[in-house]
Ligand code: PXP
């Protein structure tokens, strides 16, 4: 079964737009955890950014306490975040690049150029029982580097696919890249997840990619929730994903 991880950063983006600097406010990310889990989500993803623009430190600890499924803690490969992760003990950490000026995570991690540092982080987190995944572009060099880094999981960046979706030629090209990337990663023994820019319309086009374990989806589910509520928005995505043929 193709699993769904719901990224709840966007819930706190909305809260921070009104309540930045205050110790509480709405909407509540814990309520989002409860509703998405009750609707069948397999995990929750949350990204504590260096600039704390959406998820705050208090949120991540409250999420850790409330969660019944799996916490996928997205973070930059920095000393501060490694320290938090080893104390937080999420089931998984997804290492992502972070640039202050980006609206959301824009490109994949350059694993090949920082392999020693990623190896060290992977080992530190592995020792406290955390599974590390690397968020990377569907690029053969980065996939090879991920396998060499000792990380057991990759999350393929589907942003370029999502952006090319309306142009058939570009879309086919991006899907082909993702298919090849997934095949290469699987052959190297990596678990393959995917995420970024996936929505209710484009998700079906990803079903030709083999070996997918989990999709991490945030923006489109939270947007749909405005119209139908978070429970139904989560169920609708899960219903679509049920058509994926896992081997
Ligand atoms: N996966 C990763 C690593 C991300 O950084 C993001 C965006 O925060 C997502 C998945 C979810 O992307 P979206 O919000 O576009 O669904």
Just one listed residue, out of 129, 107, 195, is surrounded by fewer than 17 Cβ atoms within 10 Å (Cβ to Cβ) and within 15 Å of the ligand (Cβ to nearest atom), and it is 107
Residue 226 without any contact (Cβ under 8 Å) to a residue 24 or more places away in the chain and within 16 Å of the ligand (Cβ to nearest atom): yes
Against the definition (surrounded by 15 or more Cβ atoms within 10 Å (Cβ to Cβ), at pLDDT 95 or above, out of contact with any strand residue (DSSP E or B) (no Cβ under 8 Å at 6 or more places or on another chain) and not in a loop (DSSP other than H, G, I, E, B)), how does residue 63 come out, yes or no? no
Considering only segment 134-190, how many residues are assigned to a loop (DSSP other than H, G, I, E, B) and within 23 Å of residue 204 (Cβ to Cβ)? 6
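The values are calculated or read from the model by the stated rules, or taken from the named source; none is laboratory data. In this text the structure is predicted, and so the values were computed from the model without any measurement. We place every Cβ from the backbone using ideal geometry, glycine too, and count neighbours over all the protein chains shown.
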